[in-house]
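Accompanying notes for the structure given below.
The values are calculated or read from the model by the stated rules, or taken from the named source; none is laboratory data. What you see is a predicted model, and the numbers here were worked out from it, not measured in a lab. We place every Cβ from the backbone using ideal geometry, glycine too, and count neighbours over all the protein chains shown. Just the protein is used for accessible areas: all its heavy atoms, side chains included, with ligands, DNA and RNA removed. Shrake-Rupley method; radii C 1.70, N 1.55, O 1.52, S 1.80 Å.
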Amino acid sequence: MRRLSSLPLALLAAFSAGIQAHDPGHHGSNAPAHQHGVGQLHLVIEQDQLHLELQVPADDLLGFEHAPSTAEQHAALAALQETLQQPERLFRLPAPARCELEASELHSSLFAPADPAIEHGRHGEHADISARYQFRCAAMPRLQQVEILVFDLFPNSQRLVLQAITPKGQTGAELTAKRNLVDL
């Protein structure tokens, strides 16, 4: 699988930073505050490509945010990585759009090998997990909706704040288990 292009999601990050800069309730950096139960979903459509980026607190997906310390936690982390490598379990794309995964990337401090000298004092820190996916859709006009399945797999993930750039323009929404469809 080839390396993920970062340009479309970088454009979205710039877009979201602009929105936050104009939000009187937003304080501090451009990164959203770490809040359990709340994640981010960025979606960009560019020509025949669909880019999705999911950013979620590790606690929402694993039930913990520190380096795994038990066999059960190591197994949970390995199972999560396996699940995140299967985006069809997280997102349902319409078959007529003929979308094929071209690239994916997973990022989290939890995925790095543990260094006991560093981990000793870090149990109070918050960890996030980021999963990025790039699809090529042979029939992009048929991609009219994306169903978000994250809530079914991870009940602690209660909300996803959607930010999207599509040929129709820029949009945002709040997704939940009961409102899990993104209309494109």
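Going by what's in this entry, would Gln85 be described as modelled with pLDDT of 95 or more, open to solvent by 40 Å² or more (accessible area, probe 1.4 Å) and within 14 Å of the chain's Cα centre (by Cα)? Considered against the rule, which asks whether it is modelled with pLDDT of 95 or more, open to solvent by 40 Å² or more (accessible area, probe 1.4 Å) and within 14 Å of the chain's Cα centre (by Cα), Gln85 comes out as yes. Being at pLDDT 95 or above, out of contact with any strand residue (DSSP E or B) (no Cβ under 9 Å at 6 or more places or on another chain), surrounded by 13 or more Cβ atoms within 10 Å (Cβ to Cβ) and part of a helix (DSSP H, G or I) is the requirement here; does Gln73 meet it? Answer is yes for this residue. Among the conditions (1) touching a Phe, Trp or Tyr at 6+ places or on another chain (Cβ under 8 Å); (2) at pLDDT below 95; (3) not aliphatic (A, V, I, L, M), the only one that Phe111 does not satisfy is (1). One residue stands out among those in segment 88-104 that are on the phi < 0 side of the Ramachandran plot and part of a loop (DSSP other than H, G, I, E, B): the one that is least open to solvent (accessible area, probe 1.4 Å), which is Leu90.
The set of residues in segment 142-175 that are open to solvent by 40 Å² or more (accessible area, probe 1.4 Å) and either in a loop (DSSP other than H, G, I, E, B) or free of Cβ contacts under 8 Å to residues at least 12 places away in the same chain (or both) comprises Gln144, Pro155, Asn156, Gln158, Pro167, Lys168, Thr171.
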